[in-house]
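See below for the structure under consideration.
The values are calculated or read from the model by the stated rules, or taken from the named source; none is laboratory data. Because the structure is a prediction, the values reported are computed rather than measured. All Cβ positions, even for glycine, are placed from backbone atoms using ideal geometry, and neighbour counts span all protein chains on display. These accessible areas exclude ligands, DNA and RNA; they are computed on the full protein's heavy atoms, side chains included. Shrake-Rupley method; radii C 1.70, N 1.55, O 1.52, S 1.80 Å.
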Amino acid sequence: MDFLKTMRAVWDDSLDGIVVADTDTIILEVNPAYCQMTGYTREQLIGKRTNVIRSGLTPRSVFHEMWAHLGSEGKWVGEVINQRPDGSLWISYISITAVSGRDGRPEAFVGLSRDITDRRNLEDLLRSQSTRLSSLLEAIVVGVVMFDPDETCVVANQVLGELLGTGADALLGKRRAEIQPLFTRIFGQDGLLSPAEWTGGVTVATREPTPRYFIVRWAPVTASSGADLGQIFTFRDVTRETELDRMKSEFVATVSHELRTPMTSVKAALGLLLAGAAGPVDGPQQELLEVAHNNVDRLIRLINDILDISRLESGRLELRTRPVQIDELITGAARELESVRSQREITLKLALLPDPPPVLADPDRIIQVLVNLLGNAYKFTGESGTVTVRTYADGRDLYVQVEDTGPGIAADQVEAIFERFQRGAAAARSSGGTGLGLAISRALVQQHKGRIWAESESGRGAVFTFTLPLV
Ligand code: ADP
């Protein structure tokens, strides 16, 4: 192999710039990469001092250190900031070696230079990105903790550190299993960090004498390449909102309770007037009194509903549960609505499970749910329609279903109708409802640890189903 020829190829094709200078730093030779990097031609460089390419921005101490190393070890590696003839700056990662003659004294210097400007910019960018992110993390009032796929804590902000009483630094680098007991101590729940329950966010209360409330959310962290980067948990303090909500419900409950007593006596008085207890009433008087009586009646229903919903929401409605036979409750509700049914000539079909297993329920409250569903079914089913009540069970729950042959519910409404004061198109035409019945029913069923939902195709009737846990 022709060694010189090979070295020639290295010289010509090297991606790193190569410069050879004498002991006075006068440039003797440069390779093509060096010219390209510096922006000078070979002719412009040869005969000049190596410092022609300097920018004046490299700290002096760097050159001091360079000469010291070259003097003692004959070699130096470092970074300098250079400038091209067009004024642009570039950063050189350079290794300089002193080449010594036979007498051991340096005869020349060889510099190998690499342009690392891009890499540096990238590093600066990354550094400023991460500074921005960590400032953000500390500025927000939400507690944040993140675990990598090995379950090691890689992110924890101060808010979370304070919540756990350890500070954020104490959490970083810890295993999830080590951190878990801290959460358990505060929230008193095992498996607080178990994602399955948390995806949509749950409200948890601390174990303090005056509890604080947090909404906890969980999300997997995935890189744009699809790689798993771990899991992130956020803790938002909602103590104030929770407290305000409770106060509001309590206020509404008190007001409706106070309204109910005078309303009831107004109704009674109107009833007596209508019955002629205070003397005979003529035709027009009778009509006016009936309007007043009906409206007071409606007002009392509304007040009762508001009272129920606010009690349910503030958690002050206590259930008196006992094992009950569902059939009794269904016939009880049907009896209550018998006059409505017969007026509209609706057929009521019962398809009940023979010997149904007993359920754990507050009978009055479940009758209230049934009256609501059955009442709606009668109300929305046209004359001579059919309403079917069905029961069935699986190993855990009993299902009660109320099906009608009315107009049904539009697909985008089947969830919304369970909200407070949500009344569909069908209801706008009929009067008398409060828009609270289903909201109350859902809250009551949920307090029984059951579920309630509606299924319907517009124009083909509606099916309401709720479950109750078996004894
Ligand atoms: P209300 O009946 O007093 O309006 P609800 O909360 O009981 O209030 O019902 C909310 C809405 O749900 C009703 O206004 C109606 O639009 C719809 N809805 C309930 N039951 C039925 C049903 N069986 N068929 C069709 N729509 C229904």
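Quick notes
- Selection of strands (runs of 3 or more DSSP E) fully inside segment 138-257 by the criterion of at least 1 residues being over 29 Å from Leu317 (Cα atoms) and touching a residue at least 24 places away in the same chain (Cβ under 8 Å) returns 143-147, 153-156, 213-222, 228-237.
- Hits in segment 371-388 (condition: within 13 Å of the ligand (Cβ to nearest atom) and open to solvent by 50 Å² or more (accessible area, probe 1.4 Å)): Lys379, Phe380
- Selection within segment 328-346 - under 19 Å from Leu470 (Cα atoms) and either among the basic types (Lys, Arg) or surrounded by 16 or more Cβ atoms within 10 Å (Cβ to Cβ) (or both): Leu329, Ile330
- Within segment 420-465, tally of residues that are modelled with pLDDT of 90 or more and more than 8 Å from the ligand (Cβ to nearest atom): 15
- Flag if Thr321 is more than 16 Å from the ligand (Cβ to nearest atom), in contact (Cβ under 8 Å) with a residue 60 or more places away in the chain and open to solvent by 50 Å² or more (accessible area, probe 1.4 Å): yes
- Picking from residues in segment 193-217 that are hydrophobic (A, V, I, L, M, F, W, C) and either modelled with pLDDT of 90 or more or in contact with a Gly (Cβ under 8 Å, 6 or more places away or on another chain) (or both), the one that is most open to solvent (accessible area, probe 1.4 Å) is Ile215.
- The set of residues in segment 389-412 that are surrounded by fewer than 19 Cβ atoms within 10 Å (Cβ to Cβ) and either in a loop (DSSP other than H, G, I, E, B) or within 9 Å of the ligand (Cβ to nearest atom) (or both) comprises Asp394, Gly395, Arg396, Ala410.
- Meets criteria (within 17 Å of Ala454 (Cα to Cα) and surrounded by 15 or more Cβ atoms within 10 Å (Cβ to Cβ)) for Arg420: yes
- Pairs are defined by a Cβ separation below 8 Å, a sequence spacing of at least 6 or placement on different chains, a first member in segment 277-295 that is under 24 Å from Arg260 (Cβ atoms), and a second member that is basic (Lys, Arg); the pairs so defined are His293/Lys267.
- Boolean, Ala223 is under 23 Å from the mean Cα position of the chain (by Cα), exposed (fewer than 12 other Cβ atoms within 10 Å of the Cβ) and modelled with pLDDT of 85 or more: yes
- Residue count for segment 63-110 under the criterion of being in contact (Cβ under 8 Å) with a residue 24 or more places away in the chain, in a strand (DSSP E or B) and of a type in the set (S, T, N, Q): the result is 4.
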